[in-house]
Amino acid sequence: MPQNGPMKAPPRLQSLIDEGLIDSVVRQLMSGKEAMVYVVRCGDDTRCAKIYKEATQRSFRQAVDYTENRKVKNSRQARAMAKGTKFGRQAQEAAWQSAEVDALYRLAAAGVRVPQPYNFHEGVLLMELVTDANGDAAPRLNDVVLDSEAARLHHAALLQEVVRMLCAGTVHGDLSEFNILMGHQDGVDGPVIIDLPQAVDAAGNNHAQRMLLRDVENLRNFFGATAPELLATNYGPEIWDLYQRGLLATDSVLSGQFARPAGAVDMDGVLREIDDARAEEARRRLLSNS
Ligand SMILES: Nc1ncnc2c1ncn2[C@@H]1O[C@H](COP(=O)(O)OP(=O)(O)O)[C@@H](O)[C@H]1O
Ligand SMILES: [Mg+2]
């Protein structure tokens, strides 16, 4: 719906207007699965305001990932969160929301292409509006048509960002074509990474490896649909292996190939054998019953 002039501010943004953090609300940009996003004016700047939905309105998968993954420093908070008390739910909610702000500050400082955060107030994140070269809200990667050369270029650029994030101690955890904007930032066209409330500490989280591998696989599968040779690459395990051995640097040269180190357990092979044994057992039972 095209709109002229500012719209009436939604209630959750009113306190930011009262505080003078924003001047007016231009329009709603998106209502995603976890948040509602608005374009707002702050003095001469156009910015983006992300209002988090209540945990109960969020998707279940994210809530589970989140609860399993989060390390809480304060143990009273941790116990309350585990028990699911009102205090616990509030603590969990606050931790979830501030996780995105923390990650944005850390990653922006590390030179990762993310929106610059400006403020976090009453469950609303104020950040840079990622725009295209015309100044319009940038499209999601999912909504952009790519040729194979562009697919290869953006895939390489995003792997670089993943490495940069990991060197800064962070795994995104929900990286996909829906959380990447094709923007124009600092005079450079290219992917900008958004949506980080589930980001985890790479060193202190049991799921960090699984999340990193999934992020890198998402990139491979998305770009591989346009540039099929990417489907044969295996960057995730290579990146994680370098990271774990303390060898990952922002300028590490990657091959996209990963050979399992000699002597390591071939888990896939083990699982395949278990499946084979189960199938064999089932076959024998069928035969003996007939
Ligand atoms: N900083 C930003 N600049 C421009 N658009 C944004 C920005 N942040 C979010 N958006 C838009 O809002 C949508 C939802 O935001 P996102 O952070 O992904 O939340 P959700 O958890 O709801 O997916 C995005 O897909 C994107 O289109
Ligand atoms: Mg999103």
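The values are calculated or read from the model by the stated rules, or taken from the named source; none is laboratory data. Since the model is a prediction, treat every value here as computed from it, not as a measurement. No Cβ is skipped: glycine too gets one built from the backbone with ideal geometry, and neighbour counts run over all protein chains shown. Side chains included, ligands, DNA and RNA excluded: accessible areas come from the protein's heavy atoms. Shrake-Rupley method; radii C 1.70, N 1.55, O 1.52, S 1.80 Å.
In the stretch 14-37, the residues that are over 18 Å from Y118 (Cβ atoms) and within 16 Å of ligand 1 (Cβ to nearest atom) form Cβ pairs under 8 Å with partners that are open to solvent by 50 Å² or more (accessible area, probe 1.4 Å) and in a loop (DSSP other than H, G, I, E, B), at six or more places apart or across chains, as follows: R27/Q3. Flag: A82 does not match the condition of being modelled with pLDDT under 60 and either among the basic types (K, R) or open to solvent by 20 Å² or more (accessible area, probe 1.4 Å) (or both).
Among the residues of the stretch 140-162, just one is more than 17 Å from the chain's Cα centre (by Cα) and basic (K, R), namely R152. Of the residues examined, L129 is not one that is on the phi < 0 side of the Ramachandran plot, open to solvent by 50 Å² or more (accessible area, probe 1.4 Å) and not polar (S, T, N, Q). Evaluated against (1) more than 16 Å from ligand 1 (Cβ to nearest atom); (2) surrounded by 16 or more Cβ atoms within 10 Å (Cβ to Cβ); (3) of a type outside the set (V, I, T), N218 falls short on exactly one condition, (1). Applying the criterion of being open to solvent by less than 10 Å² (accessible area, probe 1.4 Å) and touching a Pro at 6+ places or on another chain (Cβ under 8 Å) to the residues of the stretch 137-174, the residue that is nearest to G236 (Cα to Cα) is L158. Restricting attention to the stretch 189-213 and to residues that are under 26 Å from S31 (Cβ atoms) and more than 15 Å from ligand 1 (Cβ to nearest atom), the residue that is modelled with the lowest pLDDT turns out to be V200. When the stretch 10-24 is limited to residues that are within 28 Å of the chain's Cα centre (by Cα) and part of a loop (DSSP other than H, G, I, E, B), the one that is surrounded by the most Cβ atoms within 10 Å (Cβ to Cβ) turns out to be I22. Helices (runs of 4 or more DSSP H) fully within the stretch 137-250 that include at least 3 residues being in contact (Cβ under 8 Å) with a residue 12 or more places away in the chain and among the charged types (D, E, K, R): 148-167, 208-224. Summed over the stretch 106-126, residues that are at pLDDT 95 or above, more than 15 Å from ligand 2 (Cβ to nearest atom), open to solvent by less than 50 Å² (accessible area, probe 1.4 Å) and assigned to a loop (DSSP other than H, G, I, E, B) total 4. When the stretch 104-134 is filtered for residues that are over 18 Å from the mean Cα position of the chain (by Cα) and free of Cβ contacts under 8 Å to residues at least 12 places away in the same chain, only N134 remains.
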